[in-house]
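The values are calculated or read from the model by the stated rules, or taken from the named source; none is laboratory data. Quick caveat: nothing in here was measured; it's all calculated off a predicted structure. Cβ: placed from backbone, ideal geometry, glycine included. Neighbour counts: every protein chain shown. Accessible surface is based on the protein model in full, side chains and every heavy atom, while ligands, DNA and RNA are left aside. Shrake-Rupley method; radii C 1.70, N 1.55, O 1.52, S 1.80 Å.
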Amino acid sequence: QVQLVESGGGLVQAGGSLRLSCTASRTIFSFNAMGWYRQAPGKERELVADISSGDSTNYADSVKGRFTISRNGAKNTVYLQMNSLKPEDTAVYYCNAKYWGSGYWGQGTQVTVSS
């Protein structure tokens, strides 16, 4: 069983920054990809950014140029650096790990951006 533990959420003013962390219970290089998703109230969960085992990254259009996904294998951790935050970035952010046909989720961390 894989465990993913997120941290780093909180309340920030528009234009501010936050860094989310997701630490896995095993080496992150064992996963095909890891990513961050978010879900705002009344909306479906959506992909924010992901990073493949080959280090390819992918971003939602709404966060390109503002968010950066990265990873530290020695710490089994994936990060999401979020800059120039907007009120519309307010959501619960979830870490995801893909391992062939299976997907694992963290418990989520709340990000609230005030205007």
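Just tell me which aspartates and glutamates come within less than 16 Å, Cα to Cα, of Lys86; anything on the same chain fewer than 8 places away is out.
Asp61
What list of whole percents do you get for P(r) of the chain, with Cα-Cα distances grouped in 5 Å bins up to the one holding the largest distance?
Pair shares across the bins are 2, 13, 25, 26, 19, 10, 4, 1, 0.
Using a Cα-Cα cut-off of under 21 Å, which lysines could be cross-linked to Lys98, ignoring same-chain neighbours fewer than 8 residues away?
Lys75
Within the accessible area of region 1-97, what % is carbon and sulfur when the probe is 1.4 Å and the other protein chains stay in place?
Values: 2160 of 4810 Å².
Heavy-atom surface of region 1-97 belonging to carbon and sulfur, 1.4 Å probe: 45 percent.
Can you list the HN-Hα couplings for region 39-54, worked out from phi with the Karplus curve (6.51, -1.76, 1.60; θ = phi - 60°), rounded to whole Hz and with x for Gly and Pro?
Working through the residues one at a time gives 9, 8, x, x, 10, 7, 5, 10, 6, 9, 6, 9, 9, 8, 5, x Hz.
Using the heavy atoms of the protein chains alone and a 1.4 angstrom probe, what is the accessible area of the chain per residue in square angstrom?
Working: 5990 Å² over 115 residues.
In whole numbers, the chain has 52 Å² accessible per residue.
Please tell me the relative contact order of the chain in percent, rounded to the nearest whole number, where contacts are Cα pairs under 8 Å and at least six residues apart.
Details: 285 pairs, mean separation 42.2, N = 115.
Contact order relative to length: 37 percent.
What are the trypsin sites (Lys or Arg not before Pro) within region 60-115 that DSSP puts in a loop, where the Cβ has at most 16 other Cβ atoms within 10 Å?
Numbers: sites: Lys64, Arg66, Arg71, Lys75, Lys98; in loops: Lys64, Arg66.
Qualifying residues, ordered by number: Lys64, Arg66.
Springs between alpha-carbon atoms under 10 Å, Gaussian network over the chain: tell me which of Gly103, Gly15, Gly42 tops the mean-square fluctuations.
Result for the chain, Cα springs under 10 Å: Gly42 fluctuates most.
Label Ser102 and Gln39 with points 7 Å out from Cα along Cα→Cβ: what is the distance between them in nm?
In this crude label model, Ser102 to Gln39 measures out at 2.1 nm.
Where in region 1-87 are there GluC sites (Glu not before Pro) that are in a DSSP coil and have at most 13 other Cβ atoms within 10 angstrom of their Cβ? It would help to have the intermediate numbers written out before the result.
Details: sites: Glu6, Glu44, Glu46; in loops: Glu44.
Those that pass, being in a loop and sparsely packed, are Glu44.
On a 1.4 Å probe surface of the protein chains, which of Leu18, Leu4 comes out largest in accessible area, and what is the full order? Don't jump to the answer; show the numbers that get you there.
Values: Leu18 30, Leu4 10 Å².
Ranked from most to least accessible, the order is Leu18, Leu4.
Using a Gaussian network model of the chain whose springs link C-alpha atoms within less than 10 Å, name the residue from Tyr59, Tyr99, Tyr37 with the highest mean-square fluctuation.
So, out of Tyr59, Tyr99, Tyr37, the one fluctuating most is Tyr99.
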